[in-house]
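Enquirer: First the structure, then my questions, so here it is.
What follows is calculated from the coordinates using simple rules that are stated; it is not laboratory data. Only a predicted model underlies this, so the values are computations on that prediction, with no experimental measurement involved. All Cβ positions, glycine included, derive from the backbone under ideal geometry; neighbour counts span all protein chains shown.
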Amino acid sequence: MAVEYLTIIAIGITFHFLNPIFSAILNSSGNSITPFKTNTTGLIANIIIDPILIFGLGPIPSMGIKGAALATILSQLFVTLIFVTTGKRNNTIYSHIKLFIKPELVYIKKIAKIGIPPFLQMGLHASINMVITRIIAGFGPVAVAVQSIGSNIESITWMTADGFSSAISAFTGQNYGARKIERIKEGYKQGIQILGGIGILTTILLVFGAEILFKLFIPDDPVAIKEGIIYLRILGLSQFFMSLEIGTTGAFNGLGRTLPPTINGIVLNALRIPAAMILGSTVLGLSGIWISITISSILKGIILFIWFRIVLKNLSVDI
């Protein structure tokens, strides 16, 4: 089933690359409404198409996992078409791109210099997660289900924070280009206050509402619910620091300094593997793995925040 799913998804992988680029271009220009509307439309389309292709409807046969993959591709294609159409209609910057001309090497070098560090971070992060998942799988299918469902619930924080991170990145980049250092400092302060508030609220939600949240996904499995509550309460302790890290990453990106978040993320994410193996083999068991993830998230937030504060103090000298 996994092979079937990935084979179909691979066919439409281009759209998975294009849509975030369109969103980033518009967000960086201060237009966050169009990406929001477009991506939301794609999500709604996915919600509608998914059950139709998975279970079948009328003349449409039941396709199971293949239907889930195909629904994802079609939704992403739909989003791409909307971006292209609205770009042409509104004379957006990317609507003037000519694909079949020789690119200018100087711009490729600049994009690579900024883009390669976060590319490595995200790629290694995915690889590390695979190793962690393999460790979790040693505790059985319930543990894997808990991690999968729990991370989806936890995405309340990081997906929200990621949106504000894009705003911080755009704001920082615009003011850095305009040499308005004080506005950068004030913007970062306000952004982190918002993200900190979100992190505190989600901590309260995950710690005190763990049972209610997990029962929404698995209402009739007491073993999974018990383990899910433990997962959410342990991971809930790191939500403030996760928000801090994501927001600060946006600020670094706005300055064009993508290396610090990459170093911070790669090192501390990599340390999750030995920490999970050590703590998971103790009496803590599965909880030890959740603790290792939480500790690394807390450290990532603290270290990156301090790092950026140091950069801010010397920012006027750089310009």
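Enquirer: Quick one: 3J(HN,Hα) in Hz for region 7-20, Karplus 6.51/-1.76/1.60 with θ = phi - 60°, rounded, Gly and Pro as x.
Expert: With coefficients 6.51, -1.76 and 1.60, one gets 4, 6, 4, 4, 5, x, 5, 4, 5, 5, 7, 5, 4, x Hz.
Enquirer: Taking a ≥ b ≥ c as the square roots of the eigenvalues of the Cα gyration tensor of region 280-319, is the shape rounded (a/c under 1.5), prolate (a/b larger than b/c) or oblate?
Expert: The shape class here is prolate.
Enquirer: Counting only C-alpha contacts under 8 Å and six or more residues apart, can you give the relative contact order of region 114-319 as a whole percent?
Expert: 30
Enquirer: Let me ask you something else. Given (i) 6, 23, 29, 22, 12, 6, 1, 0; (ii) 6, 28, 38, 23, 5, 0; (iii) 6, 21, 30, 28, 12, 3, 0, which label gives P(r) over Cα pairs in 10 Å bins from 0, in percent as computed from the coordinates?
Expert: Of the listed options (i) 6, 23, 29, 22, 12, 6, 1, 0; (ii) 6, 28, 38, 23, 5, 0; (iii) 6, 21, 30, 28, 12, 3, 0, (iii) comes from this structure.
Enquirer: Using every pair of alpha-carbon atoms in region 1-101, split the distances into 5 Å bins beginning at 0 and state the percent of pairs per bin, rounded to integers.
Expert: 2, 13, 19, 21, 16, 12, 9, 6, 2, 0
Enquirer: Further, regarding this structure: Spelling out what I want: for every residue of region 178-187, take phi, set θ = phi - 60°, compute 6.51 cos²θ - 1.76 cosθ + 1.60 (Karplus), and round to whole Hz; glycine and proline get x.
Expert: Computed from phi, the couplings for region 178-187 are 8, 6, 9, 5, 5, 5, 4, 4, 5, x Hz.
Enquirer: Sticking with this one: Evaluate the relative contact order of region 33-146 (contact order divided by residue number), counting alpha-carbon pairs under 8 angstrom at least 6 apart; express in whole percent.
Expert: 15
Enquirer: For region 57-84 and region 114-170, compute the distance between their C-alpha centroids and round to whole Å.
Expert: Using only Cα atoms to place each centre, the spacing works out to 24 Å.
Enquirer: Where the only charges are on Cβ atoms (+1 Lys, Arg; -1 Asp, Glu), what is the dipole of the chain about its Cα centre, to the nearest 20 debye?
Expert: Around 1200 debye, computed over the chain.
Enquirer: Treating the beta-carbon of each Lys and Arg as +1 and of each Asp and Glu as -1, no other charges, what is the dipole magnitude of region 1-113 about its Cα centre, to the nearest 20 debye?
Expert: Magnitude of the dipole: close to 560 debye.
Enquirer: Right, another one. Using the count of nearby Cβ atoms within 10 Å as a rough guide to exposure, how do Arg183, Arg233 rank from fewest to most?
Expert: Arg183, Arg233
Enquirer: Now for a different question. Need the C-alpha centroid separation for region 220-241 versus region 176-191, integer Å.
Expert: If you average the Cα positions of each part, the centres end up 37 Å apart.
Enquirer: Can you work out the Karplus-derived ³J(HN,Hα) for every residue in region 211-224? Use 6.51 cos²θ - 1.76 cosθ + 1.60 with θ = phi - 60°, whole Hz, and x for glycine or proline.
Expert: Listing the rounded values in order: 5, 4, 5, 6, 5, 5, 9, 10, x, 10, 10, x, 5, 5 Hz.
Enquirer: Of Thr80, Leu99, Ile266, which is farthest towards the positive pole of the chain's charge dipole, taken about the Cα centre with +1 and -1 on the beta-carbons of Lys, Arg and Asp, Glu respectively?
Expert: Of the options given, the answer is Leu99.
Enquirer: While we're looking at this one, here's another question. Identify, among Gly163, Leu201, Ile225, the residue whose Cα sits farthest towards the positive end of the charge dipole of the chain, taking +1 on the Cβ of Lys and Arg and -1 on the Cβ of Asp and Glu, with the dipole about the Cα centre.
Expert: Gly163
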